[in-house]
Amino acid sequence: MEAKKFKRLPYGSSNYKSIRTENYAYVDKTMYIEMLENETNKNLFFIRPRKFGKSLFFMTLSCYYDMNEAENFEQLFGDLYIGKHPTPEKNSYAMLKFDFSGLDTSSEEGFKYSFNMKVQDAIRFFFQNYQSFFPDIEYYLDQVDKRDSGVAAMDLVFNAAEINKLKIYFIIDEYDHFANDLIAMGNRLGTDFYKTMVSANGLVRDFYERIKNSTKSVPSRTFITGISPVMLDDLTSGYNISTNLTLEEQYNEMMGFTQNEVDWLMQETGVNPAFITIDMTAYYDGYLFHKDGANRVYNPAMVLYFFEQILRQHKPPMSIIDENLKTDYGRLKKLIQNDSNRATVIQIIKEDGIIAEVLNKFSVDTLNDTDYFISLLFYMGLLTIKEPVMGKMRLIIPNYSIRTLYWEYVMKFVREQSPDMTIETRPLDEAITALAMEGDVKRFIAYVSEHALSKLSDHDLQRFDEKYIKILLLGYLFMSRMYIPMSEYEAVPGRTDIYLQRSPQLPEIKYEWVFELKYCKAKAKSSEITKLQREGEAQIKQYLSSHRLGSRSDLKAAVIVFIGKNKYRLSEPKS
């Protein structure tokens, strides 16, 4: 029997044509092309978090509707859903694509120049790509280069399309990239700059108004994407013709991978299940964009990163979380510029979520208001829907990978608030090694008490409780590669405060750990402290008798009662 020939993994690629012609696996999302074409409005708006497959989907749309790709239709789509169910408008448009990532936001002059150049380059490419449809192509190309403003050059496209009876499909990717950068500056200058660009007579408003006005004379479709709806409200009448599909139930899974799609991708690319030593759903899954969505979805970039390491190394990967993820979500710190938003983030981390309404649009002026800020976290992929609650939504941190970003933020924030707080990496590594290899918890707790808890500022002490201590402990533990720290691990009955799972790359680690944390004020009586300790020990014994954690010689447990910020009581109950 001939061995199965595996397809290549499309890690890091959003070029649909190369994926389909160079033996890459493609997760079929083309049924959504049919659904989109059946929408009453031809001007559509759809956003998802970063690294969620938006660029690949829009390249798929481009190849499907592009007149120049008609002869390649069978090769590109024949075996997919849309190839078997082609729509009336396939290969009937000239595609005009704009990608507004990477704009210069360092100054107003630099922004205007880079925005105009992005538009002008896209228009030049449009004429070059469809020159066979324009008898006067030399005139148009000459005029594009003569125009001072790239935005004004758009009129050339509209005139040429009208004269030569072409339909245009506008695809606008990263529509809000510059807005997010300016907002993340966290100062009045960035906000004023942004408002100037989107207000009446502003450059960005002018761009969208021209597209809107062109629909009166040129048959067209428009698809706009980004990560937040903030500009949708600020553009107001400049572009008020689109339908926002972002939170529609039927499009919940248009981007991202379902569990069935992940399983299919493994089979098609030859990922060995034996090397998957973590719970992928806990790490990469969990996103839901409508309360009635049929399936939660994985972040596709996280999954592809994980599979790519397995295929390349032929063993379980050492690094489970893509470092690029941290870069992409690095703006979280910049967005949290006031005490209200900081308090909201701390609450989310402590409670593993928050109850709020998801707003479908908002202005830059409202981002300091809690409800709007929470909605922004949702659109960024830092929160997702768990369930409806009394007309609102219970939003939760979607997975372990995103939770680590929150932990890192808290650690940085606490260190900024408490300058005396230090991280001595060698003693920390030695303390965690003692946990792992000697079963010695005392060194780690002593380290955290001396270097972190005792150094906390008065500002931090205002929110001090066992949940806050847990966040700090998780932050320190996450710095080590030895363990995968898990918060609220389900032991049945109950949930552990912290469960330390050995890294799949380090099977030689002798001990895993369960921590139960308690806290009381410095003036607490000895009897109160003892009561908390006994409660913790009873909980630990329940966990150690469960089917998940029971009868394991490699599992140790500790109850730590923190007393104020300088003292603690430690015990190690047995099952």
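Considering only Cα-Cα distances, which of the following residue pairs are longer than 19 Å: LYS165/LYS216; LYS51/LYS212; LYS523/LYS565? The pairs that break the limit, which is 19 Å between Cα atoms, are LYS51/LYS212.
Per residue, the convex hull around the alpha carbon atoms of the range 48-179 comes to 116 Å³. The residues neighbouring ILE172, those whose beta-carbon lies less than 13 Å from its own, together hold a net charge of +2 under the Lys/Arg +1, Asp/Glu -1 convention. Distance between the C-alpha centers of the range 1-49 and the range 340-371? Whole Å please. Taking the Cα centre of the range 340-371 as reference, the centre of the range 1-49 is 33 Å away.
Using a cut-off of 20 Å between alpha-carbon atoms, which lysines can reach LYS146, once sequence neighbours fewer than 8 places away in the same chain are excluded? Once the sequence-local lysines are set aside, what remains near LYS146 is LYS112, LYS118.
First check a/c for the range 217-267, with a ≥ b ≥ c the square roots of the eigenvalues of its C-alpha gyration tensor; if it is under 1.5, answer rounded, and if not, answer prolate when a/b is larger than b/c or oblate otherwise.
Numbers: a/c = 3.35, a/b = 2.21, b/c = 1.51.
Since a/c reaches 1.5 and a/b is larger than b/c, the shape of the range 217-267 is classed as prolate.
Rounded, prolate or oblate: which one fits the range 418-575, using the alpha carbon gyration tensor with axes a ≥ b ≥ c (rounded when a/c is under 1.5, else prolate when a/b beats b/c, else oblate)? Taking the square roots of the gyration eigenvalues as a ≥ b ≥ c, the range 418-575 is oblate.
Computed with every protein chain present, the accessible area of HIS85 is close to 80 Å² [probe 1.4 Å].
What is the sum of charges, Lys and Arg at +1 and Asp and Glu at -1, for the other residues whose Cβ falls under 14 Å from the Cβ of ASN72? Provide the component values of the computation, followed by the final result.
On the way: positive: LYS17, ARG20, LYS90; negative: GLU22, ASP66, GLU69, GLU71, GLU74, ASP79.
The answer is -3.
Sorting the segments 316-322, 154-160 by their residues' average number of neighbouring beta-carbon atoms within 10 angstrom, most packed first, yields 154-160, 316-322.
Which peptide among 367-377, 122-132 comes first, and what is the full order, when sorted by highest mean count of other Cβ atoms within 10 Å?
Working: 367-377: 19.1, 122-132: 17.5.
The packing order, highest mean first, is 367-377, 122-132.
Per-residue 3J(HN,Hα) values for the range 424-429, derived from phi via the Karplus relation 6.51 cos²θ - 1.76 cosθ + 1.60 with θ = phi - 60°, read 8, 5, 5, x, 5, 4 Hz in sequence order (x marks Gly and Pro).
Only bridges with both residues in the chain count here: give the DSSP antiparallel percent, nearest 5.
Values: 26 of 55 bridges.
For the chain, the DSSP antiparallel bridge percentage is about 45.
Please go through the residue pairs LYS541/LYS574; LYS361/LYS392; LYS350/LYS392 and name each one whose alpha carbons sit more than 18 Å apart in this structure.
Details: LYS541/LYS574 7 Å; LYS361/LYS392 16 Å; LYS350/LYS392 20 Å.
From LYS541/LYS574; LYS361/LYS392; LYS350/LYS392, over 18 Å: LYS350/LYS392.
Applying 1/(1 + (r/R0)^6) with R0 = 30 Å to the Cβ-Cβ distance of SER107 and PHE413 gives a FRET efficiency near 0.50. Between the C-alpha center of the range 119-162 and that of the range 481-536 there is a gap of 65 Å. Computed from the alpha carbon atoms alone, the convex hull of the chain holds 175 Å³ per residue.
Taking amide hydrogens as placed 1.01 Å from N in the peptide plane, the amide H of ASP279 sits under 5 Å from that of no residue at least 5 positions away in sequence or on another chain. Could you give the distance between the Cα centres of the range 68-112 and the range 259-290, to the whole Å? With the range 68-112 and the range 259-290 each reduced to a Cα centre, they are spaced 28 Å. Seen through its C-alpha gyration tensor, with square-root eigenvalues sorted a ≥ b ≥ c, the range 332-417 comes out oblate because a/c lies at 1.5 or above while a/b is not bigger than b/c.
Counted by Cβ distance under 13 Å from SER62, the other residues give a net charge of +2, where Lys and Arg count +1 and Asp and Glu count -1.
The values are calculated or read from the model by the stated rules, or taken from the named source; none is laboratory data. Quick caveat, the model's predicted, so the values are computed rather than measured. Here Cβ is always computed from backbone atoms with ideal geometry, including for glycine, and neighbour counts include all displayed protein chains. Note: areas computed on protein heavy atoms with side chains; ligands, DNA, RNA excluded. Shrake-Rupley method; radii C 1.70, N 1.55, O 1.52, S 1.80 Å.
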